[in-house]
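The values are calculated or read from the model by the stated rules, or taken from the named source; none is laboratory data. Not measured: the values here are computed from a predicted model. Glycine also receives a Cβ, built like all others from the backbone with ideal geometry; neighbour counts cover every protein chain displayed. Keep in mind that these areas ignore ligands, DNA and RNA; they rest on the heavy atoms of the full protein, side chains included. Shrake-Rupley method; radii C 1.70, N 1.55, O 1.52, S 1.80 Å.
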Amino acid sequence: MIVFGVAILTLGVGFLLVAAIGLVRLPDPFQRMHSATKAGTLGTSLIVLGVLLLDQTARLSTGLLTILFLLVTLPIGAQLLGRAAYLSGARMEGVEDDPLAEVLGRDESKATDRRE
């Protein structure tokens with residue numbers, strides 16, 4: 001059980017490392033948010049699960065509720081931040097034809113060419 005718990009912790013730390021590298025290396029706010037949300041949520045959930053496996057005094061219900069809370073709130077928060085970034089005119093790298101141009105009003109006057 002200890003080996004499995006350490007493996008889960010290591011995998012979680014690996015996902016968090018990928019999320020951190022994505023935050024630094026990806027070119028626009030939308031891709032950075034995607035990296036932080038997907039890899040960060042999975043990495044944090046795996047770390048909590050690994051701690052639950054290794055620590056016999058940890059309460060299972062608290063750990064599982066923490067994981068559920070992360071899985072529900074982080075993607076919703078990222079979607080709202082992405083929408084706000086889009087509406088404020090944040091730069092989108094590699095997008096030729098904006099599929100949301102006719103659906104949402106975008107403030108193009110605030111779009112920047114610098115890395116944010």
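The accessible surface of the chain, taken with every protein chain in place and a 1.4 Å probe, is 69 percent carbon and sulfur.
With viscosity set to 1.567 mPa s and temperature to 4 °C, compute the Stokes-Einstein D of segment 54-105, Rh being the Kirkwood radius across alpha carbon pairs; µm²/s, no decimals.
Stokes-Einstein gives a translational diffusion coefficient of 91 µm²/s.
Rolling a 1.4 Å probe over the protein heavy atoms gives the chain an accessible area of 67 Å² per residue. Note on the chain: dipole from Cβ charges, positive end direction compared against 100, 43, 26; the farthest Cα belongs to 43. For residue 76, the shell of other residues with beta-carbons less than 15 Å away shows a net charge of +2, using +1 for Lys and Arg and -1 for Asp and Glu. Computing Rg and Dmax of the Cα atoms in Å directly from the structure and comparing it against (1) 15.3, 49; (2) 13.6, 40; (3) 18.0, 56 singles out (3).
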